[in-house]
Structures are given as structure tokens and as C-alpha cells.
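Derivation of every value follows stated rules applied to the coordinates shown; laboratory data play no part. Note that the structure is a prediction, hence the values are computed from the model and not measured. Cβ placement follows ideal geometry from the backbone for every residue including glycine, while neighbour counts extend to all protein chains displayed.
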Amino acid sequence: MRVPVILLCLVLSSLLIAGPVQAQQLGMPNPREMSGVPLPVGDVPLGTVSVRVIRGSFDNNVVGAEVEFDINGERRIVRTNDAGRAEVSGLEPGTQVKAATTLDGERLESQVITMGASGFRVMLVGEDPDATKREADAAALAASPAVKGMVVLGPESRVIAQMADDRLEVFYVLEILNTARTPVDIGGPLIFELPREARGPTILRESSPQATANGPRVTVTGPFAPGTTLVQAAYELPYSGSTATLEQTWPATLQQLTLLVPQIGGLDVASPQLESKREVSDRGEQLIVGTGPAIPAGSSLTVEISGLPHHPRWPRNVALSLAGVIVVAGLWAAFFSRPQRVGS
């Protein structure tokens, strides 16, 4: 099964939203190493630059910081919101943008961004003098015994569908999120019952070792560490005709629905749970991006994928019909026809 380019981009973009425990689990670099590096992504609108300002770690957003955007030599100031983000939008392709802020007396700058066929995310990361102590405290809590609790599927979870070699492949990027500072025990494993038509469920390499695929289900065993347990699963969804229906019940609350589909030919998606749908370009690939509100635990996502390539059925049906006529005629001749007498 071919891993889509978009899935690899999502793993990279998770660096911009991950918590510190998730970063350790995935072997990600220190946030300071990523400061100022722009990343083109499909989940930021075309012509938009989103800058996140943090102090030391992913869970320490800086609110109210002044971010200076240099847009083709024109200066624009935007303050970061409650999520530590500042954005500029409506930028034409070819526009050159550079972002900067001053944090605790340190000047933080991005690389020059040339706008193209996607939006961009970038982080500006300052030093955190209390980071060492917090990391030690967090490590001690993370090593403590598990307590009863719950997990959710975080807002960066994704459902991806793509065509590959005339097969419809479905990928789940699942951010199993424990917001507590200690491990939690949910009373058993987290079990994802895949659609009954699913073939060849697979757990991808970047996933937590807690995840396994067995038959029509993906099982993630606990306890769940603080932060994010990443699970990436894939399977083939057979279909006939030009449409396919995907139905998935979530064992934990999905905090935000995000559906991504590389647009090949006339491929399209529809779901009553989508509030918005748009087309974007990610590294030269046209994508359909659909988003919707949270889906409670035990509820299902239903998506119809249309415009699928398929072979017409009428030649097969005609051939079967002709074969049936021939068989019936043969039986009639064998059992009901009478030999005629030859007159003298």
C-alpha cells in the first residue's frame, strides 16, 4: 500500500502542533531547531501564513506577542491569539513574506517565504528558563502509576482517502490525546471497528507500538501516556461503480473532523457531517479538504466518495444474459424436443 505524499506532510506538520510528550514519542527534534522554518501545508488556506510563537516547548504558547510581517517590503503587525498564532491572508502567489518577533529581548525571525499554491505554517521559538524544571516534573508524573481516565481523538486527527492502482485506499491519522499529566487507564483497549468491507488493515511504521491491526479492527492498548499516542492505520475499501461509502464509528470523541482527498479526475466527497469543503494545493497535488464539528464517542462518520474510476457493467451483464439464453436453449433441446418419424 502506497503511503500518500499528503500523509508524510501531515507527519511533518504535526511538529507544529504536537505536545512535548508526543515529540519525545516520535523522536522529533527540539522545537528550537525548527524555529523560523516555513512549512507548506494543505490545512492552511491558500495565500495565508500562520505563525505560532512559543517559549521553549509546544505547550507554552505566547499570547499577545507582536509579530511583524514584512510583505514585499510593507510592514504589518499582528498580535498572537489565545493559541499563540498570528496570521496574514489574501497573499498572491510570488509574494515574499518574512515574520519576526522579539521575545524576552531575543529577536526571532523566519526564513523568507515565497507564496505559492499552498498556505504556510511557521514557528518562532524562544528560550524558556523554566523548561528544565518543568521537563523533570513532567517526566516524574509521566512515570507514575496510571489512574482511571479517558482519552479523545485530538483535533489534528485526519481521515485520508486516495486512489492508487485502481484501488481506493483509506488512511487514519489518529491523535489519541490524554490531557492529564499522568498516564490514564480507560478500562481496556481502544478498539476501532473498521468498515466491514475493509481489506488488509495495516499499522504504519510511525505509529505507537501499542497499536495492532487484527482482522477488521485496530486495537490500541493502554495505559495512555500524557500527551499524544500517534496511530496511523491504512486499509483498502472495495467498491463497485463510481461511488463508495465509508462508515466509521469512533470509540472516543473525535474533537474535529478533517477529511483529505487527493483530487484525481472528477473525484469528490460528500458528507452530512462536513461544514465546509475546499480545494487546495499541497506540494503540487490538488486536494479536497473537508472539515466538520466534533463527533461524539459511539457515533459514526459517513462519507460518500464519488467520481471513482470503474469499468462499465453492461458488457459483463450482456455476456451473462447471452450465456443464460444459450444454457436454457440447450436444456430445452435436450429434454423437450421430440425426434420426428421418417415417413415410408
Task: Contour excess over end-to-end distance, with Cα ends at R76 and T243 and 0.36 nm allotted per residue - done: 55.4 nm
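Taking other Cβ within 10 Å of each residue's Cβ, how do M115, M123 sort, fewest first? Can you show the working numbers first?
Working: M115 21, M123 26.
The order, fewest Cβ neighbours first, is M115, M123.
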Open item on the list: To make sure I understand, if each residue's beta carbon is the centre and we count other beta carbons within 10 Å, what order do L230, L174, L108 fall in, fewest to most?
Closed with: L108, L230, L174
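Length gain on complete extension for the stretch N214 to K148, per 0.36 nm per residue less the alpha carbon to alpha carbon distance? Numbers along the way, then the final one.
On the way: separation 66, 0.36 × 66 = 23.76 nm, distance 2.62 nm.
Using 0.36 nm per residue and subtracting the Cα-Cα distance, I get 21.1 nm.
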- [ ] Take the alpha carbon atoms of the range 91-144, find their center, do the same for the range 270-306, and report the distance between the two centers in whole angstrom.
- [x] 28 Å
- [ ] May I ask you to sort R75, R85, R32 by Cβ crowding, counting other Cβ atoms within 10 Å and putting the fewest first?
- [x] R75, R32, R85
